[in-house]
Amino acid sequence: MIKYIIRRLVQAIPTFFGITLLSYLIMTAAPGDPVSLLTFDPTIKQEEVQRLAARLGTNDPWPVQYLRWLIGDDWMEIFREDLRGRPEIGLDRVRYGILRGDFGNSFFLKLPALQLIAERLPATLELGVAVLVVSLTLGIPIGILAAVWHGGAFDNATRVLAVIGNAVPNFWLGLILILIFGAWLGVLPMGGRCAQTRGGCPPVYQRLEYLVMPVTVLSLGGIAGYSRYMRASMLEQINSDYIRTAKAKGLPANMVWFKHGARNALIPIATFLGPALVGVLGGAVVTEQIFTWPGLGLLLITSITRQDYPIIMASVVIASVLTIVGYILSDVLYAVVDPRIRF
Amino acid sequence: MASTSQTSQPGVVTLGAEPGKPRRSESLTQRALRRLRRDRLTMIAISVILLLTFLAIMAPVISTQILGVDFAKANPVNAFLPINSPGHILGTDDLGRDHLARLLYGGQVSLGIAFTAALLSIGIGVAMGVVTGFYGGVVDDLVIWLITTINSIPSLFLLLIISAVLSPGPFGLIMVLGLLGWTGTTRLVRGETLSLREREFVVSARALGASDRRIMFVHILPNLISIITIALAIDIGVLILVESGLSFLGFGIQPPIPSWGNMLTGAQTFMRRAPHLVFAPGLLILITVLCMYIIGDGIRDAFDPRMES
């Protein structure tokens, strides 16, 4: 098992470098750079601009800049005198590289990008966990029942709902919910994470009404996916020998379905964790924007409009790392719950 | 599968010749088409898509000749007219532009982008999938690495930063969507090619001295027709959703060009005054995507020999 986990982690290394390279290359095409940002002052001397560019390395070829971004430039002080004695804060500070968790400072807020993301991550995770819980607790029973009554009215109704659930645009559903429950009926808050504007939010159970609409919008795809997947998985179990045995020895139908069938049908669901995480992260961008939910997605949108590249890069890399971890976790989980899987 | 191997009768067909005389037995594609025509739900979905496409293409004629409005003409005095107003059947938007005319033109943009971007991404996906599956080796490893990398970045994140950096127009957006959307098709086609490559009819074609190109075009590609058409239908649906989401966020199609997505961008600010503006664009997206998914499913069933009743 340990060997399997290590192998999966080693396999993830080239993917990780691919992600950093791809996002770096996209960003090099972007207009605006820290030098012009720092030298916005019209009274600044040309030599000062040159000196700053040399220190920040913005004139180096891109592979050098990419390496600098990856592993930092504090070690370069050994060779280059002009880099010594830089401050620990500010935009021209010492860089430690993203491999050591230093994504640079936000152009706009002048704070370390990682710190700003860490502040926003709990809100997104809160949404993500709620979505996962709702889609599992609704999707799996629906799938089991659809399989038990396959071909029946419930099965057909859930099939239609699943297709519609996959086809409805997230942002539009959000708007409709806000219009109906926020604007017309006024029973749910139209957005935000809590009523307070300062000093953080109270614990989740005191502000569940704020979660209802965003979680509904984000769970729809999950419920549709899980129920269909669970149904297929259940129907596969019906033809197994052990189900026939259970029926043959006279167990009541409920027992056969829920105690024997459902347990084994649940195993493949473990592989859904990775894709589910991707869905939540991607969907969160749109949903957080509509419901002004102060998470990673909203931070990304604001940063893109402000051209705050360190934060954009950091959120892309961190979201991708979370995705890779999610995929590895679901594979490992699959191996754990299914003893037939050998490494 | 047998039908396509018939096209290469040993000794009869020479390189680059016509792909065979009229077949006596019904081909796989012919049978699929016959079964598709009997599938009522899929035929309804296809009709709806054709109707929407027709309306979108005819948008200039319909809006000037029948509705008698200019889709781009803003008139603040007429802003937020309700449904069934004189001269504006579906009312007007925040700038007093005719809602129905803008929906028709928006359809041009949304459908046009989704259709062309899907064709582009499927084209790239099929080419890459067939080549990597057929040859394998270093190129295969490299492509697989690229696919894993692209799939590890949440797709909306990737699309957002690219759209933000390049701020593409409609044509640029087609390129971006097409160049990012090929990974799924490549994986599918590659897997299928890997298995087709070892089948008897390919092995015998190779034994008869068929070139790699001929094997790929004459023996492998025709057998991929079912998964390609299914992927195309599903892809168009997905791309409609992606484009509308991007445009809604303000990173796709930029106003004043209407798209079903960006027509909802300001909806939150005026939804109390003009709720009718919120429903139509989303409903059109939903209907289009739903129809594309139904068509994809229908094609899958039509090609599936186990579904023959």
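Any read-out appearing in this document is the output of simple, stated calculations on the displayed coordinates, not a laboratory observation. This one's a predicted model, so the numbers in the text were calculated from it and none came from an experiment. FYI the Cβ positions are ideal-geometry reconstructions off the backbone, even for glycines, and counts take in every protein chain you see.
Listing for the model above:
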| item | result |
| --- | --- |
| Candidate lysines for bridging to A:Lys110, where Cα separation is under 28 Å - those fewer than 8 sequence places away on the same chain excluded | A:Lys45 |
| Within 10 Å of each Cβ in B:284-295, the average number of Cβ atoms from other chains | 3 |
| Förster radius 45 Å - calculated FRET efficiency between B:Phe270 and A:Lys45, Cβ distance, rounded to 0.05 | 0.35 |
| Separation of the B:Trp145 and A:Val187 label points, Cα + 7 Å toward Cβ, nm | 5.5 nm |
| Inter-probe distance in nm under a simple model that places probes 7 Å from Cα toward Cβ, at B:Met58 and A:Val204 | 5.3 nm |
| Normalised contact order of chain B, rounded percent, pairs of Cα under 8 Å and 6 or more residues apart | 23 percent |
| Sequence-distant residues sharing a close amide H with B:Thr92 (under 5 Å, placed H) | B:Phe80, B:Leu81, B:His99 |
| Cα gyration tensor, the protein assembly as shown - rounded (a/c under 1.5), prolate or oblate | rounded |
| The stretch A:78-171 shape via C-alpha gyration tensor axes, a/c threshold 1.5 | prolate |
| Dipole magnitude of the protein assembly as shown about its Cα centre (Cβ charges: Lys, Arg +1; Asp, Glu -1), debye to nearest 20 | 1740 debye |
| Nearest-ten-degree value, helix A:273-290 long axis tilted from longest Cα axis of chain A | 60 degrees |
| Chain B, helix-only ellipticity at 222 nm - DSSP H runs n ≥ 4, -39,500 (n - 2.57), divided by all residues, nearest 500 | -20000 deg cm²/dmol |
| Within 10 Å of each Cβ in B:239-249, the average number of Cβ atoms from other chains | 4 |
| Qualifying lysines (Cα of each under 20 Å from Cα of A:Lys247; at least 8 residues distant if same chain) | A:Lys259 |
| Centroid-to-centroid separation of the stretch A:102-148 and the stretch B:225-282 [C-alpha atoms, Å] | 24 Å |
| Loop-exposed trypsin sites (Lys or Arg not before Pro) per DSSP, neighbour cap 12 Cβ within 10 angstrom, longest uninterrupted part of chain A | A:250-339 |
| Helix A:153-167 vs. chain A, principal-axis angle (Cα, 0 to 90°, nearest 10) | 10 degrees |
| Highest to lowest packing among B:271-278, B:207-214, scored as the average C-beta count within 10 Å | B:271-278, B:207-214 |
| For the stretch A:160-188 versus the stretch B:67-83, the gap between their alpha-carbon centres in whole angstrom | 27 Å |
| Of A:Ala253, A:Val316, A:Val336, farthest towards positive along the dipole that unit charges on Lys, Arg, Asp, Glu beta carbons give chain A | A:Ala253 |
| Span-like helix ranges in chain B, DSSP H, alpha carbon extent 27 angstrom or more, Kyte mean at least -0.5 | B:99-135, B:225-249, B:276-303 |
| Approximate spin-label separation A:Leu329-A:Gln307, in nm, with each point projected 7 Å along Cα-to-Cβ | 3.7 nm |
| Charged-residue dipole, Cβ positions (Lys, Arg, Asp, Glu), chain A about Cα centre, Debye nearest 20 | 1300 debye |
